[in-house]
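The values are calculated or read from the model by the stated rules, or taken from the named source; none is laboratory data. Note that the structure is predicted; figures quoted are calculated from it, not measured. A quick note on method: Cβ atoms are made from the backbone with ideal geometry, for glycine too, and the neighbour counts reach across all protein chains shown.
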């Protein structure tokens with residue numbers, strides 16, 4: 001938990017405070033004063049007795065007891081200051097701005113660790129280092145300007161980066177987005193994004209706390225904590241939006257399995273967000289747009305009236321909403337005729353409703369009232385109103401303000417003329433509203449929010465498998481990839497069927513295998529990583545002559561240690577895979593299988609544990625689903641078996657955390673069953 005003296009201090013000391021407001025120490029002091037901190041303020045500055053009207057001490061040793069220290073001095077001087085504050089001043093809250101710690105080199109990392117341990121041992125909380133601080137209703141502990149618009153019901157913003165936070169706050173100011181809390185964690189020496197989210201979850205008060213959280217993430221140090229508290233907040237009615245940087249990864253080409261090759265770090269992040277119901281965005285402009293839309297309403301809306309005096313932006317909004325699953329429904333003749341009576345000749349009334357560039361504020365109001373009172377199928381209004389710079393839009397914006405105060409339907413204002421009518425836009429935002437400027441970003445964001453499903457936590461049903469036998473088998477394995485017979489035994493215990501097969505290394509073993517297996521057969525090499533690349537798989541082996549000929553041929557391939565002879569199963573090729581990454585629950589994947597698995601890229605992924613609803617959802621999003629259901633007279637595959645196998649793999653990864661990679665490719669999906677014909681499992685203890 002974050003210490004109360006970090007969040008609501010009675011006294012704050014700015015170490016390095018100055019009269020120069022263009023310096024960090026001077027700027028944060030000015031922000032504290034301007035924001036109206038009503039506790040005791042102190043400054044440590046060896047050259048001044050008074051700084052910006054605040055008592056200043058020449059040395060930290062002379063400070064009285066202080067709840068919170070905001071440290072704005074070079075990194076090399078901070079450790080000794082922290083020692084004094086912890087030992088003598090009972091300070092429990094610390095904000096350290098300076099860079100030059102773990103992000104710089106090993107020496108900086110060692111100092112950062114020592115500082116963190118001092119504060120943690122004393123039971124205090126440290127925000128930073130290498131950040132811009134925090135701001136809440138009690139104080140403005142940031143050194144950047146301008147200060148964001150603050151409102152107790154505004155959004156909560158947690159940022160891993162100070163610079164990104166600054167640029168995001170600037171963008172937010174342009175559209176009028178307000179904030180309840182801002183936390184920047186910098187190096188996250190003690191407090192990371194996940195810890196702040198935990199605090200917001202555990203201190204959540206219905207009807208009082210913000211229902212919108214926006215996050216900027218660089219790394220995720222504790223995925224399990226992030227998932228736990230995001231899920232908890234979502235269940236309390238909150239929406240969470242996240243921008244995650246660092247999404248590319250090199251080196252997967254050499255992965256030891258198909259699953260390993262496809263399951264990069266960003267796939268884990270996306271699966272985590274999906275599991276938690278976190279909406280993901282790709283830029284800070286999207287981040288603030290999502291936040292602003294959710295501030296206007298958290299209702300799930302479907303049908304929109306687009307009201308504009310400029311045809312182009314109205315069409316862009318309509319196209320974007322329609323392409324992303326929302327509706328701008330055509331109005332019937334009755335409604336169109338009624339609207340035409342209100343507008344000048346030539347106005348478009350089908351929806352979008354174009355009142356023309358010559359349309360008046362009075363006509364705008366009449367159209368909005370009609371949409372509110374008479375269009376029952378319309379859930380919300382999008383009003384686009386700008387100016388070519390030839391006149392004022394003050395009356396029109398006043399109309400929109402009034403309607404937003406009285407309408408039951410949400411109204412989303414888009415004001416594209418950010419230069420020509422900047423004064424009118426600012427006046428509109430001063431009344432407590434937000435105004436979007438880019439119709440495409442707005443519409444795309446709106447569609448994504450409305451498509452984010454209400455989170456339903458499905459009780460996880462353990463498949464009926466023998467956990468004790470699985471554990472006993474796993475305990476007997478050594479690190480590395482399992483042999484084919486070991487892997488098949490494990491699959492059978494997990495409840496996933498495998499074909500009749502025998503591993504042979506000699507011609508005599510081959511003849512014995514031919515007596516117990518039924519043609520047609522498949523022969524596969526054992527040893528090389530990717531069998532198909534070595535032409536090491538032969539199918540449709542029809543008789544003993546072909547069997548012995550193929551065996552001799554396959555055994556001559558480099559590094560081959562044996563040949564697996566397997567009964568041939570006919571059906572559709574799919575795959576299920578799993579991979580672990582430090583800190584994350586296991587990632588379970590499914591999709592189109594076979595030799596083209598990476599090329600097709602038709603796969604879905606979910607973090608374990610997986611219930612049936614999630615398994616069905618994974619398969620339903622696959623491009624091959626219509627093929628699995630049967631096309632052009634083909635029989636339907638057993639999708640229930642596919643759903644069941646996904647859950648069984650998820651369960652196996654829960655039982656056996658030693659499994660770091662699992663690859664069932666292909667799985668043959670038939671009318672009756674699903675059969676794992678090629679299994680690769682890696683164990684790390």
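Could you list, in sequence order, all residues of the stretch 590-604 that are at pLDDT 90 or above and buried (at least 19 other Cβ atoms within 10 Å of the Cβ)?
590, 591, 592, 593, 603, 604
Keeping to the stretch 197-212, report how many residues are surrounded by fewer than 17 Cβ atoms within 10 Å (Cβ to Cβ) and either over 12 Å from residue 225 (Cβ atoms) or modelled with pLDDT under 95 (or both).
Total meeting the criteria: 5.
Each row is one residue, and each column tells you yes or no for (1) touching a residue at least 60 places away in the same chain (Cβ under 8 Å); (2) under 21 Å from residue 662 (Cβ atoms).
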position: 502; (1), (2): yes, no
position: 515; (1), (2): no, no
position: 520; (1), (2): no, no
position: 527; (1), (2): no, yes
position: 547; (1), (2): no, no
position: 560; (1), (2): no, no
position: 567; (1), (2): yes, no
position: 571; (1), (2): yes, yes
position: 574; (1), (2): yes, yes
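Is it the case, given these coordinates, that residue 333 is more than 33 Å from the chain's Cα centre (by Cα), surrounded by fewer than 17 Cβ atoms within 10 Å (Cβ to Cβ) and at pLDDT 95 or above?
Criteria met by residue 333.
Listed here are the residues, each with its yes/no results for (1) more than 33 Å from the chain's Cα centre (by Cα); (2) closer than 19 Å to residue 314 by Cα; (3) at pLDDT 95 or above; (4) not in a helix (DSSP H, G or I).
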residue: 338; (1), (2), (3), (4): yes, no, yes, no
residue: 357; (1), (2), (3), (4): yes, yes, no, yes
residue: 365; (1), (2), (3), (4): yes, yes, yes, no
residue: 391; (1), (2), (3), (4): yes, no, no, yes
residue: 400; (1), (2), (3), (4): yes, yes, yes, no
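Surrounded by 21 or more Cβ atoms within 10 Å (Cβ to Cβ), over 16 Å from the mean Cα position of the chain (by Cα), under 26 Å from residue 411 (Cα atoms) and modelled with pLDDT of 95 or more - does that describe any residue in the stretch 213-221?
no
Taking the options 545, 541, name whichever one is crowded, with 20+ Cβ neighbours inside 10 Å and outside the structural domain of residue 647 (by TED's automatic domain parsing).
Of the residues listed, the single one that is crowded, with 20+ Cβ neighbours inside 10 Å and outside the structural domain of residue 647 (by TED's automatic domain parsing) is 541.
Among the residues of the stretch 287-300, write down those that are touching a helix residue (DSSP H, G or I) at 6+ places or on another chain (Cβ under 8 Å) and surrounded by fewer than 19 Cβ atoms within 10 Å (Cβ to Cβ).
300
Residues are listed down the side, and each one gets a yes or a no for (1) within 15 Å of residue 287 (Cα to Cα); (2) without any contact (Cβ under 8 Å) to a residue 24 or more places away in the chain; (3) in a helix (DSSP H, G or I); (4) not assigned by TED's automatic domain parsing to the domain that holds residue 648:
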site: 434; (1), (2), (3), (4): yes, no, no, yes
site: 442; (1), (2), (3), (4): yes, no, yes, yes
site: 446; (1), (2), (3), (4): yes, no, yes, yes
site: 458; (1), (2), (3), (4): no, no, no, yes
site: 463; (1), (2), (3), (4): no, no, no, yes
site: 468; (1), (2), (3), (4): no, yes, yes, yes
site: 471; (1), (2), (3), (4): no, no, yes, yes
site: 474; (1), (2), (3), (4): no, no, yes, yes
site: 477; (1), (2), (3), (4): no, no, no, yes
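For residue 379, indicate whether it is modelled with pLDDT of 95 or more and more than 22 Å from residue 446 (Cβ to Cβ).
Answer is no for this residue.
So which residues in the stretch 459-473 are surrounded by 13 or more Cβ atoms within 10 Å (Cβ to Cβ) and out of contact with any helix residue (DSSP H, G or I) (no Cβ under 8 Å at 6 or more places or on another chain)?
460
Name, by its number, the condition in (1) touching a strand residue (DSSP E or B) at 6+ places or on another chain (Cβ under 9 Å); (2) without any contact (Cβ under 8 Å) to a residue 40 or more places away in the chain that does not hold for residue 71.
(2)
Checking residue 228 against (1) part of a helix (DSSP H, G or I); (2) buried (at least 17 other Cβ atoms within 10 Å of the Cβ): exactly one of these is not met. Which one?
Every listed condition holds for residue 228 apart from (2).
Every residue in the stretch 496-515 that is surrounded by fewer than 18 Cβ atoms within 10 Å (Cβ to Cβ) and out of contact with any strand residue (DSSP E or B) (no Cβ under 7 Å at 6 or more places or on another chain), please.
506, 507, 508, 509, 511, 512, 515
Return the total of residues in the stretch 620-637 being closer than 22 Å to residue 266 by Cβ and in contact (Cβ under 8 Å) with a residue 24 or more places away in the chain.
Residues that pass the stated criteria total 2.
Restricting to strands (runs of 3 or more DSSP E) lying wholly in the stretch 1-115: which have 2 or more residues that are buried (at least 21 other Cβ atoms within 10 Å of the Cβ) and within 35 Å of the chain's Cα centre (by Cα)?
Passing ranges, in order: 68-71, 93-96.
I'd like to check something: does the stretch 160-183 contain any residue that is within 28 Å of the chain's Cα centre (by Cα), modelled with pLDDT of 95 or more and not assigned by TED's automatic domain parsing to the domain that holds residue 214?
No, every residue in the stretch 160-183 fails to be within 28 Å of the chain's Cα centre (by Cα), modelled with pLDDT of 95 or more and not assigned by TED's automatic domain parsing to the domain that holds residue 214.
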